[in-house]
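Peer 1: Provided herewith is a single structure, encoded as structure tokens, for subsequent inquiry.
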Amino acid sequence: DQQVKQNSPSLSVQEGRISILNCDYTNSMFDYFLWYKKYPAEGPTFLISISSIKDKNEDGRFTVFLNKSAKHLSLHIVPSQPGDSAVYFCAASQYNTDKLIFGTGTRLQVFP
Amino acid sequence: DGGITQSPKYLFRKEGQNVTLSCEQNLNHDAMYWYRQDPGQGLRLIYYSQIVNDFQKGDIAEGYSVSREKKESFPLTVTSAQKNPTAFYLCASRGQRAVNQPQHFGDGTRLSIL
């Protein structure tokens, strides 16, 4: 039972344009959501997070949107840069469980 | 530099052998975690520990064991009972002094069976 789903395994975007990565979840008890970026043979790097009391959180070029009624979150990267090419994982947790549930990842390729 | 160190980066195991993966952190974090990543899949939780001398099973604990004798160390043993041990193993830690702190990861150990 996949509680966190990233239905697009890959995404290709031109440099300078917007990248939008999507994530859906099924567990309505999740209240904290995170995005991680991962390069090959390295550990994931934390990018940005959002709690369920908000619907938007912004950090530089990265913005995460949360739609609780649709159980959907998205990561927007504007403008996209070649160095953004990596696999992006969304993750979710339930308050006080201390367990993260990860999606399967989306490979983003930013081309010149 | 503060961070999480996993060693070795690559590890080979013969059938029937136990192997131990090292994870050390100098971030003074209370909680530590072990995940496994397989190709095309997300990270799956093996074990986690919120405090020294205590740990809990994650979603795929069978065939693995851990110890947490020191705050900074959380070694993972892959036993011969783990039938499909070939994977990329990631260790993470998290400070718990504030609500909703993200987990931070080491660079992983890739385990292969000879």
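Peer 1: When only residues in region B:94-114 that are open to solvent by 50 Å² or more (accessible area, probe 1.4 Å) and polar (S, T, N, Q) count, which is modelled with the highest pLDDT?
Peer 2: My answer is B:Gln101.
Peer 1: Which of the residues belonging to region A:72-96 are polar (S, T, N, Q) and facing chain B (nearest Cβ under 10 Å)?
Peer 2: Looking only at region A:72-96, we keep the residues that are polar (S, T, N, Q), and these are A:74, A:80-81, A:85, A:93-94, A:96.
Matches in region A:72-96: A:Ser93, A:Asn96.
Peer 1: Among the residues of region A:13-59, which ones are farther than 25 Å from A:Ala70 by Cα and either out of contact with any Asp or Glu (no Cβ under 6 Å at 6 or more places or on another chain) or open to solvent by 80 Å² or more (accessible area, probe 1.4 Å) (or both)? Steps first, answer last, please.
Peer 2: If we filter region A:13-59 for residues that are farther than 25 Å from A:Ala70 by Cα, which is where we start, we get A:13-17, A:38-45.
Hits for region A:13-59 are A:Val13, A:Gln14, A:Glu15, A:Gly16, A:Arg17, A:Lys38, A:Tyr39, A:Pro40, A:Ala41, A:Pro44, A:Thr45.
Peer 1: Confirm whether B:Gln56 is more than 11 Å from the chain's Cα centre (by Cα), surrounded by fewer than 18 Cβ atoms within 10 Å (Cβ to Cβ), within 18 Å of A:Lys99 (Cα to Cα) and in contact (Cβ under 8 Å) with a residue 40 or more places away in the chain. Steps first, answer last, please.
Peer 2: Working: more than 11 Å from the chain's Cα centre (by Cα): yes; surrounded by fewer than 18 Cβ atoms within 10 Å (Cβ to Cβ): yes; within 18 Å of A:Lys99 (Cα to Cα): yes; in contact (Cβ under 8 Å) with a residue 40 or more places away in the chain: no.
Considered against the rule, which asks whether it is more than 11 Å from the chain's Cα centre (by Cα), surrounded by fewer than 18 Cβ atoms within 10 Å (Cβ to Cβ), within 18 Å of A:Lys99 (Cα to Cα) and in contact (Cβ under 8 Å) with a residue 40 or more places away in the chain, B:Gln56 comes out as no.
Peer 1: Then there is this: Only residues that are of a type outside the set (S, T, N, Q) and more than 7 Å from every other protein chain (Cβ to nearest Cβ): list them for region B:39-57, please. Break it down stepwise before answering.
Peer 2: Going through region B:39-57, the residues of a type outside the set (S, T, N, Q) turn out to be B:39-40, B:42-48, B:51-52, B:54-55, B:57.
Residues satisfying the conditions are B:Pro39, B:Arg44, B:Ile46, B:Tyr47, B:Ile51, B:Val52, B:Asp54, B:Phe55, B:Lys57.
Peer 1: Continuing with the same structure: Sort out which residues of region A:94-112 are buried (at least 22 other Cβ atoms within 10 Å of the Cβ) and more than 22 Å from A:Ser10 (Cβ to Cβ), and write them in order of number.
Peer 2: Correct list: A:Leu100 only.
Peer 1: Output yes when any residue across region B:15-33 is open to solvent by less than 30 Å² (accessible area, probe 1.4 Å), free of Cβ contacts under 8 Å to residues at least 60 places away in the same chain and touching a strand residue (DSSP E or B) at 6+ places or on another chain (Cβ under 8 Å), and no when none is.
Peer 2: Looking for residues that are open to solvent by less than 30 Å² (accessible area, probe 1.4 Å), free of Cβ contacts under 8 Å to residues at least 60 places away in the same chain and touching a strand residue (DSSP E or B) at 6+ places or on another chain (Cβ under 8 Å), one finds none in region B:15-33, hence no.
The values are calculated or read from the model by the stated rules, or taken from the named source; none is laboratory data. Nothing here was measured: the structure is a model prediction, and the numbers come from that model. As a convention, Cβ positions derive from the backbone with ideal geometry for all residues, glycine included, and neighbour counts pool all protein chains shown. Only protein heavy atoms, including side chains, enter the accessible area calculation; ligands, DNA and RNA are left aside. Shrake-Rupley method; radii C 1.70, N 1.55, O 1.52, S 1.80 Å.
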